[in-house]
Amino acid sequence: MISAIHHVAIICSDYDRSKTFYTEVLGFEILKETYRAERDSYKLDLRVGDRDQIELFSFPNPPARPSYPEACGLRHLALVVSDLDTVMARLTHHGVHTEPVRVDETTGKRFTFFQDPDHLPLELYEIKH
């Protein structure tokens, strides 16, 4: 019935700061950028990997996330990487703090968490290709 996730939507508080983070720090490709004057809102379509997408939105005065990270709703966004250490070094170079590496008890895979500019919890999950 459902074949895939088309996109994940993220609302940011500072469009320029988040655009820089997702494109320059994480390296996501810009597919399309749209300014919607009637909403005073940007919508930035980003390509993640070969097929996935993130829609980055800005709205005037969005409410803060209720709590971190156990608020009801989406807990975090997990991103697949093939070399966790290299990606963590890139994040550190850009001033992004990552938590200590953990190992998934059921899969044996390595992972870590970090935050976007609005403190959205993001995970890096290592799957060697």
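Here are some notes:
- Long-range neighbours under 6 Å by Cβ, at least six apart or interchain, first residue on the phi < 0 side of the Ramachandran plot and in contact (Cβ under 8 Å) with a residue 24 or more places away in the chain within the range 100-129, second surrounded by fewer than 12 Cβ atoms within 10 Å (Cβ to Cβ) and assigned to a strand (DSSP E or B): Arg110/Val103
- Here Arg47, Arg90, Arg110, Arg75 are screened, and the one residue that is more than 16 Å from Ile10 (Cα to Cα), in contact with a strand residue (DSSP E or B) (Cβ under 8 Å, 6 or more places away or on another chain) and surrounded by 10 or more Cβ atoms within 10 Å (Cβ to Cβ) is Arg110.
- Enumeration of residues in the range 21-31 that are outside any loop (DSSP other than H, G, I, E, B) and more than 15 Å from Ile10 (Cα to Cα): Glu24, Val25, Glu29, Leu31
- Ser58 meets all of the listed conditions (1) under 17 Å from the mean Cα position of the chain (by Cα); (2) surrounded by fewer than 14 Cβ atoms within 10 Å (Cβ to Cβ); (3) farther than 26 Å from Ser3 by Cα; (4) modelled with pLDDT under 95 but one, namely (2).
- Counting the residues of the range 1-25 that are under 16 Å from Gln115 (Cβ atoms) and touching a residue at least 12 places away in the same chain (Cβ under 8 Å) gives 11.
- You will find that of Asp85, Asp116, Asp50, the residue that is charged (D, E, K, R), under 21 Å from His129 (Cβ atoms) and assigned by TED's automatic domain parsing to the domain that holds His129 is Asp85 and no other.
- Every condition in (1) assigned by TED's automatic domain parsing to the domain that holds Leu122; (2) of a type outside the set (Phe, Trp, Tyr); (3) exposed (fewer than 13 other Cβ atoms within 10 Å of the Cβ) holds for Val96 except the one numbered (3).
- Checklist (1) small (Gly, Ala, Ser); (2) part of a helix (DSSP H, G or I); (3) more than 16 Å from Leu77 (Cα to Cα) applied to Ser3, failing item: (2)
- Of everything in the range 85-129 that is in contact with a helix residue (DSSP H, G or I) (Cβ under 8 Å, 6 or more places away or on another chain) and basic (Lys, Arg), the residue that is nearest to Pro63 (Cα to Cα) is Arg90.
- Whichever residue in the range 14-44 is among the small types (Gly, Ala, Ser) and out of contact with any strand residue (DSSP E or B) (no Cβ under 8 Å at 6 or more places or on another chain) and, among such residues, is nearest to Gly95 (Cα to Cα): Gly27
The values are calculated or read from the model by the stated rules, or taken from the named source; none is laboratory data. Keep in mind that this is a model prediction, so the values were computed, not measured. Cβ sites come from the backbone with ideal geometry, for glycine too, and all protein chains shown count toward neighbours.
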